[in-house]
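The values are calculated or read from the model by the stated rules, or taken from the named source; none is laboratory data. Everything numeric here is computed off the predicted structure, so don't read it as measured data. Positions of Cβ are generated from backbone atoms using ideal geometry, with glycine treated the same way; all protein chains shown enter the neighbour counts.
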Amino acid sequence: MRRDDSRSRRVAIVADFLINPDAAFYRSIEGRPGPVFDVLVEDGWGLMKAPPHVLKESVGRSAAITTAGDAADYLRYDHVVVILAVEGLDQGGVWLNEFEAAFRELKTPMPKIVTIDLDPASRSADCVRAKLAEAAVQIAVKA
Amino acid sequence: MSGNNRRVAYVAHCLANQNAKVSEFAKCAGVVTPLIDRLRAHGYEIQQLPCPEMSFLGVARWWQSREQYDTPGYRRHCRALARTVVDTVSLHAEHGYDIVIIGLDGSPSSGVRLTSTKTSWGGRPEGAVAGGSDRISGMGVWMTELKEEFESRGLSFPRATGIAMDAQNFDMAAAMLEMDEFLVAKENI
């Protein structure tokens with residue numbers, strides 16, 4: 001029997017750049033994502049962080065297969081799952097092509113994608129929360 | 001921060017996602033904030049290990065002891081996950097990062113210094129409600145396979161510790177003081 005505990009039942013598949021924007025291998029990327037990490041933490045989202053998008057494709061594919069499998073199981077048990085991508089980065093910085101293939105293979109719909117812009121006007125916590133809320137509402141309506 | 005003092009912590013999956021915990025073991029909603037705040041304050045970037053229990057048995061899995069997870073099939077699953085982790089670690093190593101691993105002490109899979117034991121478990125699962133498994137020194141199955149993947153490539157296993165959220169009588173404040181000592185020790189090397 002599964003008993004209740006403190007989990008949120010909300011999970012975000014997140015681009016590495018949104019968590020570690022100052023990593024050594026992101027020096028050439030202009031713009032920074034704002035307080036996305038802080039919002040996810042404060043609002044109780046569980047993270048499934050994708051590996052850095054600068055890795056070779058086979059690494060991203062392998063990670064996406066594992067993460068998509070976890071996500072499919074969360075969806076089966078009525079969790080909210082979203083993908084947080086980054087505008088302008090290859091595959092949204094989160095291996096979107098690999099995730100699409102992995103979810104297709106699992107015959108599970110691709111989770112709603114929330115795209116984070118790097119321009120200053122889109123970098124507020126309120127803006128991030130609004131995008132996440134919109135995605136969560138769409139998921140609820142669809143369900 | 002220059003290339004020489006860059007730091008990255010590879011944390012057990014559930015330390016950034018309590019939704020992956022086996023039922024009744026989630027201590028907070030999502031991210032274990034005291035730990036992540038500590039790591040960020042000490043200048044660590046955050047990488048997240050996969051949870052082999054979650055991907056092997058799902059979110060509705062039963063409680064299990066280390067003995068129950070210690071099978072060839074589960075070890076193969078862990079080793080496959082470990083390959084992707086070590087590939088990612090290589091990126092950080094190439095950029096001169098100091099790398100640490102933060103496991104989950106008390107866990108049958110992710111324990112670094114402490115894991116679980118219950119040789120009597122098996123079959124009808126309701127016996128597990130009385131007290132859970134016991135704790136013994138040693139690594140969980142996942143950490144063992146991850147360490148072996150590093151060593152099979154001729155790499156040293158990074159400095160590692162665990163936060164004992166899966167142990168009985170867990171004390172977050174004491175655990176964070178111990179974590180500070182671990183992180184500061186690295187800064188002083």
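For region A:2-14, the criterion of being small (Gly, Ala, Ser) and in contact with a strand residue (DSSP E or B) (Cβ under 6 Å, 6 or more places away or on another chain) is met by at least one residue. Here the strands (runs of 3 or more DSSP E) wholly within region B:31-149 that include at least 1 residues being more than 10 Å from chain A (Cβ to nearest Cβ), at negative phi and of a type in the set (Gly, Ala, Ser) are B:98-103, B:114-117, B:134-137. Residue by residue through region A:95-120, note down the ones that are touching a helix residue (DSSP H, G or I) at 6+ places or on another chain (Cβ under 8 Å) and of a type in the set (A, V, I, L, M, F, W, C). Selection gives A:TRP95, A:PHE99, A:ALA101, A:ALA102, A:PHE103, A:LEU106, A:MET110, A:ILE113, A:VAL114, A:ILE116.
Going through region A:2-17 one residue at a time, which ones are more than 7 Å from every other protein chain (Cβ to nearest Cβ) and either among the β-branched types (Val, Ile, Thr) or closer than 10 Å to A:PRO52 by Cα (or both)? Hits for region A:2-17 are A:ILE13, A:VAL14, A:ALA15, A:ASP16, A:PHE17. So which residues in region B:165-179 are within 23 Å of B:LEU49 (Cβ to Cβ) and modelled with pLDDT under 95, if there are any at all? Matches in region B:165-179: B:MET165, B:ASP166, B:ALA167, B:PHE170. Note on region A:50-76: among residues that are closer than 11 Å to A:ASP16 by Cα and more than 8 Å from every other protein chain (Cβ to nearest Cβ), the one that is surrounded by the fewest Cβ atoms within 10 Å (Cβ to Cβ) is A:HIS53.
When region A:17-54 is filtered for residues that are over 19 Å from A:ILE83 (Cα atoms) and among the aliphatic types (A, V, I, L, M), the ones remaining, listed by number, are A:ALA23, A:ALA24, A:ILE29.
Scan region B:9-19 residue by residue and report those that are assigned to a helix (DSSP H, G or I) and within 7 Å of another protein chain (Cβ to nearest Cβ). Spell out the reasoning first.
Going through region B:9-19, the residues assigned to a helix (DSSP H, G or I) turn out to be B:13-15, B:18-19.
Correct list: B:GLN18, B:ASN19.
Can you confirm whether B:PRO108 is at pLDDT 95 or above and farther than 30 Å from A:HIS53 by Cβ?
On the way: at pLDDT 95 or above: yes; farther than 30 Å from A:HIS53 by Cβ: yes.
Yes.
When region A:18-28 is filtered for residues that are surrounded by fewer than 19 Cβ atoms within 10 Å (Cβ to Cβ) and more than 7 Å from every other protein chain (Cβ to nearest Cβ), the ones remaining, listed by number, are A:ASP22, A:TYR26, A:ARG27, A:SER28. Taken over region B:11-35, the criterion of being surrounded by fewer than 21 Cβ atoms within 10 Å (Cβ to Cβ) and under 15 Å from the mean Cα position of the chain (by Cα) is satisfied by B:PHE25 alone. Restricting attention to region A:37-45, does a residue exist that is closer than 30 Å to B:TRP62 by Cβ, touching a Phe, Trp or Tyr at 6+ places or on another chain (Cβ under 9 Å) and not aromatic (Phe, Trp, Tyr)? So far as region A:37-45 goes, no, none of its residues is closer than 30 Å to B:TRP62 by Cβ, touching a Phe, Trp or Tyr at 6+ places or on another chain (Cβ under 9 Å) and not aromatic (Phe, Trp, Tyr).
Taking the numbered list (1) farther than 25 Å from B:GLU24 by Cα; (2) under 16 Å from the mean Cα position of the chain (by Cα) in turn, B:GLU94 passes all entries but (2).
For every residue, the table says whether it meets (1) closer than 23 Å to A:SER62 by Cβ; (2) surrounded by fewer than 20 Cβ atoms within 10 Å (Cβ to Cβ); (3) touching a Leu at 6+ places or on another chain (Cβ under 7 Å).
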residue: B:TYR97; (1), (2), (3): yes, no, no
residue: B:LYS147; (1), (2), (3): yes, yes, no
residue: B:PHE157; (1), (2), (3): yes, yes, no
residue: B:ILE163; (1), (2), (3): no, no, yes
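Within region A:125-139, residues that are without any contact (Cβ under 8 Å) to a residue 60 or more places away in the chain reach partners that are crowded, with 17+ Cβ neighbours inside 10 Å with beta carbons closer than 7 Å, at six or more positions or on different chains, in the pairs A:LYS131/A:VAL114; A:ALA135/A:VAL82; A:ALA135/A:LYS112; A:ALA135/A:VAL114; A:GLN138/A:LYS112; A:ILE139/A:VAL80; A:ILE139/A:LYS112.
What pairs come up if the first residue lies in region A:29-49 and is more than 12 Å from chain B (Cβ to nearest Cβ), the second is surrounded by fewer than 17 Cβ atoms within 10 Å (Cβ to Cβ) and outside any helix (DSSP H, G or I), and their beta carbons are under 7 Å apart, counting only those six or more places apart or on different chains? Between residues of region A:29-49 that are more than 12 Å from chain B (Cβ to nearest Cβ) and residues that are surrounded by fewer than 17 Cβ atoms within 10 Å (Cβ to Cβ) and outside any helix (DSSP H, G or I), the close pairs are A:GLY31/A:ASP119; A:GLY34/A:SER124.
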